[in-house]
1. Go through PHE220, PHE242 and list them by solvent-accessible area, largest first, probe radius 1.4 Å.
2. Solvent-accessible area of TYR111, probe 1.4 Å, all protein chains present, reported in Å² to the nearest ten, please.
3. How much accessible area does THR279 have with a 1.4 Å probe, in Å² rounded to the nearest 10?
4. Which value, in Å², gives the accessible area per residue of the range 180-305 when a 1.4 Å probe is used on the protein heavy atoms?
5. Please state, rounded to one decimal and in Å, the Kirkwood hydrodynamic radius that the range 139-240 gives when every pair of distinct Cα atoms enters the mean of 1/r.
6. Using heavy-atom solvent-accessible surface (probe 1.4 Å) with all chains present, what is the largest-first order of ASP72, ASP262?
7. Given contacts defined as C-alpha pairs under 8 Å and at least six residues apart, what's the relative contact order of the range 166-275, whole-number percent?
8. Once label points are set 7 Å from the Cα along Cα→Cβ at both ALA156 and ASP97, what is their separation, rounded to one decimal in nm?
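The values are calculated or read from the model by the stated rules, or taken from the named source; none is laboratory data. A quick note: this is a predicted structure, and the numbers were derived from the prediction, not measured. Ideal geometry is used to build each Cβ from the backbone, glycine not excepted, and the neighbour counts take in all protein chains shown. The accessibility values were calculated without ligands, DNA or RNA, using every heavy atom of the protein model including side chains. Shrake-Rupley method; radii C 1.70, N 1.55, O 1.52, S 1.80 Å.
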Amino acid sequence: MRKLYSVPLALAGAGAATFGYASLVERNWFRLRRFDVPVLAPGRPSVRVLHVSDAHLTPGRHRLIDWVRSLDALEPDLVVNTGDSLGHRDAVGPFLDALGPLLDRPGVFVYGSNDLYSPTFKNPLRYVWRTSKSDYAKRRREPDLPYRELASSLRAAGWLDLNNRIGRLKIGGLDVEFGGIDDSHINRDRYDKIAGPVDPQADVHLGVLHSPEPRNLDRFVADGYDLMLAGHTHGGQVCVPFYGALATNCGIDRPRVKGLHDYNGAWLHVSAGLGTSPTAPMRFCCPPEAALLTLVPREGPTSPR
C-alpha cells in the first residue's frame, strides 16, 4: 500500500513545489534584458530606450513597484510603455508611484486590454489552443478600469499618448518619429489613422503597439518603421525547459514570443512583461522583465534593412 500511494504523493509534492516556486519566487525574480539595436545612420548618437510592459499592477505589489522605480538609475533617454499597466481599479496611483522619476523623462504609451477591463478567472490551459480575444467579444461591456485617469496622468507628465496616433520627440539629439495603435486584442486598433510612409527627415521611426499581431506589424514594416515595440505575450508566462512557450495568445509565432528579432526587414522587440494577471499569479522558466534597448548606428549586415 505504501508503494501504491508513494508515486501520487510524490507527484503532488512536486506539483506543489513547482507552483510555490512559480508564484512566490520566479514571479518576483525581475530581470533586465539589454540589447543593441542598429537602426541609426552612421555617426548619429546612440540613445537608450527603456521598454516596460504588462505590469498588471495591483496595490500591494511593493517589490514590483520598487524594482521599476530603480530602473531610473539606468538613465534612459526614452521610456516606452506598451500597455496592460493596470490589474485593479485602484492601481493608477501605485503605477505612477512605480514609474516615479521615470515620469520626468520623455515617454510614450499605448493601452492594453487590461488597462480597460478588470481581470476575470479563465482556465489557463485554453491559451494552448486559442487566444483570449474572443473572451472580450463575448463580454461586450463598458470598461471598468480607470484607463482615462491613467492616460491623463501620463499625458500630464509630458508622455505621448500613441493610441492610434502619430507623435514626434527630440530624444538625445535625435528626431524620433512614433506611430502607435490601440490594442488589437479588443479591436481598438485603427492602423488606417496612422497609415502612410514615415517621414524620411526623422532620424529613426518607432512603432508602438500592445499585441504583436502580424497584420499590424506588416503595415508598420511597409510604412518604413525601423523598430516595433510590443508586449502582451508575457513571453508565454509558463514555459517548458528546452522547448519554450506553449502559446503566444496572439498571432505572433512562438520563436518571437519575446526578445529582439528580425521581422521582415525591421526589428521587433517583444517584452515578456513585468507581471501577470492577478487570476494567474505565476511564471515558470519565464521571469518578469524590462528591457534596455540601445539604439546604435547600423554597421552593414547587422541590420535587417
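1. PHE242, PHE220
2. Accessible surface of TYR111 is approximately 20 Å².
3. Per-residue accessible area (THR279): approximately 50 Å².
4. Per residue, the range 180-305 has 36 Å² of solvent-accessible surface.
5. 15.0 Å
6. Of ASP72, ASP262, the descending order of accessible area is ASP262, ASP72.
7. Over the range 166-275, the number comes to 22 percent.
8. 1.6 nm
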